[in-house]
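The values are calculated or read from the model by the stated rules, or taken from the named source; none is laboratory data. All values reported here derive from a predicted model rather than from experimental measurement. Here the Cβ is made from the backbone with ideal geometry for all residues, glycine too, and neighbour counts use every protein chain on show. Remember, those area values only see protein heavy atoms, side chains included, never the ligands or the DNA or RNA. Shrake-Rupley method; radii C 1.70, N 1.55, O 1.52, S 1.80 Å.
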Amino acid sequence: MREMCKVDDRDKMKQKKRFSIGTMGLKSLGVCRVEKLKSSMVNARSPRMKLWLIRATTTVLLWTCFVQLTALGGTWGPRVLKGWPSCFTQDSHSASALDLKLLPTVPARVLPPKRVYKNNGYLVVSCNGGLNQMRSAICDMVAIARYLNVTLIVPELDKTSFWSDPSEFEDIFDVDHFITSLRDEVRVLKQLPPRLKKRVELGIVHTMPPVSWSDISYYHNQILPLIQKYKVVHLNRTDARLANNNQPLELQKLRCRVNFGALRFTTQIEELGKRVVNLLRKNGPFLVLHLRYEMDMLAFSGCTQGCNNEEIEELTRMRYAYPWWKEKIINSDLKRKDGLCPLTPEETALTLKALDIDRDIQIYIAAGEIYGGKRRMDSLQDAFPKLVRKETLLGADDLQYFQNHSSQMAALDYLVALESDIFVPTYDGNMAKVVEGHRRFLGFKKTILLDRRVLVDLIDKYTNGILNWDEFSISVKQVHQERMGNPTKRLVISDKPKEEDYFYANPEECLHPSDDEPVSIL
């Protein structure tokens, strides 16, 4: 019994030792077990918890994005969002948003495909003269570049002529439209590639004026080999360098395409031109009179009819001041009798009255400053009191941008002339010719082409009492009966290209007289 008690006591002692040891290690052991338990629980639940967390986070993010986009959708959001109902927008806003689908959609502009060809080199051109002289030259240079398979650099405009206009091409014409609208015919770049540009800046370039009135074979045989040799050729005079007649039909149509389609004026010029036309239209029909009686024209032509001695001396000095005006000694009276002088304002007034132009019609003067000013314009003003100019129709702020930019002023006059009910040029300069041809293209709009040689003879007979008013008026009408811009054949004089009809005044290859409608070439 005693032994059994001892054994029990020893067992109890062992248990106490174990208990004490166990309690000492239980904390660490328990911690480990708790951690293991937690770990096992987490491991058991991790897939579910991860999935739950992902779903919760995604839901919150999507809802936040939805709220933000719905709130912003009314101003710049996608059209899809604008059609969604939202508690963050008013009902009226939602309704107007839903109506967006009823608005007409603007079709995307389809550009012509690029023409792929082996590039033979680069053609750089410097135009000379006024706006319309340069305009026709640009048309010629595009056609030449197309038929030589070369790259054309956007033409440089004249800045050294009498007008000293600093305008660049992009100041007058929409340069991006010019490039893209012709991409299926010829590659046009705003500037040469850097390596070639550097050579040109250093003066390492072949520069020359092409021969006037040449056909396309001249450019194939003479100019193309130079481009292939030098890679870049600079043509420094481009007016009247391509013949009027006997050119391939495709070339003639391309000249028209450039003139009537690719050479679009800048948005600023176009918008101002529309404003002027709208102002005129509010008061009924209007006539555009291209009264080419400006100082430079008189000095260049030597025409001094109606000028006093002081004015004649001033015009003569100016003619001698420009060395490229080759004709210096001029007999004004003989030149006038040959019909080579612009009509004076006084002669113009008599002519318009003889043609029975309505006294109350608006007459828009498309010209610069008239030489002699009010003294020379009084007779025209008395005969037709509704004389207007862009300066009288528009404010100074409207024309501020155009000051000292004669080509941009001429572009504005060009647009108004195209839209007029009647166009009357008093001299067959470049603007008169190009506007005449453009009005033919627009459906043979009325253009009175004055026969100056006959007119000055009739005017002299009337002023000298040889003809009375009725006789004078009847004669003037008879002379101009077939000179109203109606369809005619272009005069061809093979051995005298300067005396034949100008292509841009009557581009008959591009016209359809039978339909009386312009043909689409774009």
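A few remarks follow.
- Single condition residue 262 does not satisfy, out of (1) farther than 30 Å from residue 361 by Cβ; (2) open to solvent by 10 Å² or more (accessible area, probe 1.4 Å): (2)
- Only residues that are touching a residue at least 12 places away in the same chain (Cβ under 8 Å), surrounded by fewer than 20 Cβ atoms within 10 Å (Cβ to Cβ) and more than 29 Å from the chain's Cα centre (by Cα) were counted across the range 359-386, and they come to 11.
- Residues of the range 303-333 satisfying the condition of being free of Cβ contacts under 8 Å to residues at least 60 places away in the same chain, surrounded by 10 or more Cβ atoms within 10 Å (Cβ to Cβ) and among the aromatic types (Phe, Trp, Tyr): 320, 325
- Any chance residue 241 is of a type outside the set (Val, Ile, Thr) and over 20 Å from residue 497 (Cβ atoms): no
- Looking across the range 237-267, the residues that are out of contact with any helix residue (DSSP H, G or I) (no Cβ under 7 Å at 6 or more places or on another chain) and not in a loop (DSSP other than H, G, I, E, B) come down to 250, 257, 267.
- Enumeration of residues in the range 335-354 that are among the aliphatic types (A, V, I, L, M) and either assigned to a helix (DSSP H, G or I) or open to solvent by 10 Å² or more (accessible area, probe 1.4 Å) (or both): 340, 349, 350, 352, 354
- Given (1) open to solvent by less than 30 Å² (accessible area, probe 1.4 Å); (2) aromatic (Phe, Trp, Tyr); (3) under 22 Å from residue 452 (Cβ atoms), number of the condition residue 300 does not satisfy: (1)
- Matching helices (runs of 4 or more DSSP H) fully within the range 106-201 where at least 3 residues are touching a Leu at 6+ places or on another chain (Cβ under 9 Å) and modelled with pLDDT of 95 or more: 131-148, 169-172, 175-181
- Of residues in the range 202-212 being in contact (Cβ under 8 Å) with a residue 12 or more places away in the chain and not in a strand (DSSP E or B), the one surrounded by the fewest Cβ atoms within 10 Å (Cβ to Cβ): 211
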